[in-house]
1. Within the set of pairs 6 or more residues apart or between chains, which connect a residue that is under 20 Å from Pro68 (Cβ atoms) and modelled with pLDDT under 90 inside region 42-56 to a residue that is basic (Lys, Arg) and assigned to a helix (DSSP H, G or I) with Cβ atoms less than 7 Å apart?
2. Give me the residue from region 57-76 that is in a loop (DSSP other than H, G, I, E, B) and at pLDDT 95 or above and, out of that set, surrounded by the fewest Cβ atoms within 10 Å (Cβ to Cβ).
Amino acid sequence: MTKRLTATLVFGTLIASGAALAQGVTFEAVDGNQDGFVTFSELSAAVPSATEEVFNGADANQDLMLSPDEFSAMSL
């Protein structure tokens, strides 16, 4: 039961995050300090429904920052 609930919550967050990104939230708009990377703090400020699990799943090299490619791969 717990695994099913967790999977449902993660899936729902992915859909919500993808929908927000599809609605015009661009990498440049999320990258608050314009350093060329998006941190979880920047992402969650722009897309409040995004979770650390979604962020970490998109962070392919696990450097705690999303590159433009990682960010665009996150959208559904």
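1. Pairs that qualify, where the first residue is under 20 Å from Pro68 (Cβ atoms) and modelled with pLDDT under 90 and the partner is basic (Lys, Arg) and assigned to a helix (DSSP H, G or I): there are none.
2. Filtering region 57-76 for residues that are in a loop (DSSP other than H, G, I, E, B) and at pLDDT 95 or above, the one surrounded by the fewest Cβ atoms within 10 Å (Cβ to Cβ) comes out as Gln62.
The values are calculated or read from the model by the stated rules, or taken from the named source; none is laboratory data. Keep in mind the model is a prediction, meaning the values are calculated, not measured. In this analysis, Cβ positions are derived from the backbone assuming ideal geometry, glycine residues included, and neighbour counts consider all displayed protein chains.
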